[in-house]
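Working notes, structure below.
The values are calculated or read from the model by the stated rules, or taken from the named source; none is laboratory data. Quick caveat, the model's predicted, so the values are computed rather than measured. With ideal geometry, Cβ positions are generated from the backbone for all residues, glycine too; neighbour counts draw on all protein chains shown. Areas reflect the complete protein model, heavy atoms only, side chains present, ligands, DNA and RNA absent. Shrake-Rupley method; radii C 1.70, N 1.55, O 1.52, S 1.80 Å.
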Amino acid sequence: MLRLHHQVDAAHGLDSTFCAYFEPRDTGVERVFGLGLNAFSTIQTARRKFRSGLASSAETIVYHNFWGMAFFADLDRGSRRIGVLHTDTPGLASWLRQLRGLVDGALCVSRPLLEIVRRELPELGEDRTAWLPYPVAREQTEAEQQPVASRPIVLGFAGRLSFEQKRVDRFPLLIEALDRLKVDFRFEFLGDGPQATWLKRRFANDRRVKFHGRLSGSGYWDVLRSWDAIVFVSDYEGLPISLIEAMAVGVLPVMPSVGSGADPYVRNVREDLLYPPGKTDAAAAAIQALTRASHSEIQQLRHRANSVVKAHLGDCYERAFVRHVFRVAALPRISRSTFRRATPRLRMFVPFAVLRRVWLGALWKPVA
């Protein structure tokens, strides 16, 4: 997403500079500086590096996923602060509540996330919050897959290969369920992550399972459009970009109903493709039902998937983003501009790796 901003912001009237927390100080990319943080860094370390790295004040500071706002707000020197919320996570509502008084506006990639922000940050109101349509890098949709009846159904997952949130440990259970139903299938993984090695070992002897690793450009799209269905087994989601990208090329969504922004997208294709969370048997049954549908029925579903994501095509994301930034900049500031001196606290000296595992809420507590 930040790469997209780097490419197109100037064309839409934004003079943008990027701070990448966990990249090296000198990234070698114009207008991008890193803080060089790692898992052993602390909030105190991050504050010191942020203070020294920020060359000048900015009209608007945009915090993606609100990450860092709690401990950078007193240092950022921005005249407005906007949070862009890309994903849900357990505890999000209570954590957002702690940011009251720090935010001037917000953008959310799904309607459920937008409702949470408006409820927990009521001072923002409808004029300072908006839905942000995730971009699909295509000008038009397509649905060119061959009939499913005469071949194995091709299933895939695109995203971070991790136990946390994505719950890739459920995929072996899903494949066992497909085998019990005698579904003829192939399964492909597109992406990388901390549990990639675990997953590859788990399926080392199953020739029906393939790992593509992380791809981009035409290679990514070639794999995606070869699938019949994209399958998620997550605990929580905002709105997966890979889901709407897959639907744009006719891939059918099979998704757990976790109350995410994806729920209405899937429901508008077919109700039974939205299955109870954690129930891999139900996901397998939904996939089996697809193999029994006629080619005309499948094509109708593919065209529904295309229709659902049309609002995400072209430059919709950037236009919505820029429009909201200018709107918030034109409104009176409501975020704090003065802060008391930051008081050293235990959480400021605990490594990020520990905070993420046992004290995630500490990342959302303002330090000043």
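In segment 109-122, the residues that are under 22 Å from LEU243 (Cα atoms) and free of Cβ contacts under 8 Å to residues at least 60 places away in the same chain reach residues that are open to solvent by less than 10 Å² (accessible area, probe 1.4 Å) and not hydrophobic (A, V, I, L, M, F, W, C) with C-beta atoms within less than 9 angstrom, at least six apart or across chains, in these pairs: LEU114/THR129; LEU114/GLY261. Within segment 205-255, the set of residues being over 15 Å from ARG186 (Cα atoms) and of a type in the set (Gly, Ala, Ser) comprises GLY213, SER216, GLY217, SER218, GLY219, SER234, GLY238, SER242, ALA246, ALA248, GLY250.
Can you find, within segment 5-42, the residue that is surrounded by the fewest Cβ atoms within 10 Å (Cβ to Cβ) among those that are part of a strand (DSSP E or B) and among the small types (Gly, Ala, Ser)? Give the steps one after another, and end with the answer.
First, the residues of segment 5-42 that are part of a strand (DSSP E or B): 18-20, 26, 32-34.
With among the small types (Gly, Ala, Ser) added as a condition, the list becomes 20, 34.
Numbers: ALA20: 16, GLY34: 19.
If we take residues in segment 5-42 being part of a strand (DSSP E or B) and among the small types (Gly, Ala, Ser), then ALA20 is surrounded by the fewest Cβ atoms within 10 Å (Cβ to Cβ).
Within segment 74-90, the residues that satisfy the criterion of being touching a residue at least 24 places away in the same chain (Cβ under 8 Å) and either open to solvent by 10 Å² or more (accessible area, probe 1.4 Å) or β-branched (Val, Ile, Thr) (or both) are ASP74, LEU75, SER79, ARG80, ILE82, VAL84, HIS86, THR87, ASP88, THR89, PRO90. Residues in segment 277-306 that are open to solvent by 30 Å² or more (accessible area, probe 1.4 Å) and within 21 Å of the chain's Cα centre (by Cα): PRO277, GLY278. Being at pLDDT below 95 and on the phi > 0 side of the Ramachandran plot holds for only one residue in GLY213, GLY217, GLY238, and it is GLY217. For the list (1) touching a residue at least 60 places away in the same chain (Cβ under 8 Å); (2) touching a Leu at 6+ places or on another chain (Cβ under 6 Å), I need the number of the one condition that VAL154 fails. Looking at each condition in turn, VAL154 falls short on (2). Scanning segment 151-169 for residues that are within 20 Å of VAL183 (Cβ to Cβ) and not in a loop (DSSP other than H, G, I, E, B) turns up ILE153, VAL154, LEU155, GLY156, PHE157, VAL168.
Of the residues examined, TRP95 is not one that is assigned to a loop (DSSP other than H, G, I, E, B) and aromatic (Phe, Trp, Tyr). The set of residues from segment 43-67 being buried (at least 16 other Cβ atoms within 10 Å of the Cβ) and within 20 Å of ASP26 (Cα to Cα) comprises THR45, ALA46, ARG47, LYS49, PHE50, LEU54. Scanning segment 223-259 for residues that are touching a residue at least 40 places away in the same chain (Cβ under 8 Å), farther than 13 Å from LYS166 by Cα and among the small types (Gly, Ala, Ser) turns up SER226, ALA229, ALA246, ALA248, GLY250, GLY259.
The residues listed here are PHE50, PHE72, PHE40; of these, the one that is in contact with a Leu (Cβ under 7 Å, 6 or more places away or on another chain) and not aliphatic (A, V, I, L, M) is PHE50.
Looking at ALA93, ALA130, ALA106, just one residue is over 16 Å from VAL62 (Cβ atoms), open to solvent by less than 40 Å² (accessible area, probe 1.4 Å) and over 14 Å from the mean Cα position of the chain (by Cα), and that residue is ALA93.
In this structure, does GLY125 turn out to be under 24 Å from ASN65 (Cβ atoms), touching a Leu at 6+ places or on another chain (Cβ under 8 Å) and open to solvent by less than 30 Å² (accessible area, probe 1.4 Å)? Criteria not met by GLY125. Only one of the listed residues (ASP206, ASP184, ASP179) is touching a helix residue (DSSP H, G or I) at 6+ places or on another chain (Cβ under 8 Å) and closer than 19 Å to ALA149 by Cα. That residue is ASP184. Looking only at residues in segment 257-269 that are in a loop (DSSP other than H, G, I, E, B) and open to solvent by 30 Å² or more (accessible area, probe 1.4 Å), the one that is modelled with the lowest pLDDT is GLY259.
Inside segment 61-73, can you point out the residues that are touching a residue at least 24 places away in the same chain (Cβ under 8 Å) and either in contact with a Ser or Thr (Cβ under 9 Å, 6 or more places away or on another chain) or not in a loop (DSSP other than H, G, I, E, B) (or both)?
Across segment 61-73, the qualifying residues are VAL62, HIS64, MET69, ALA70, PHE71, PHE72, ALA73.
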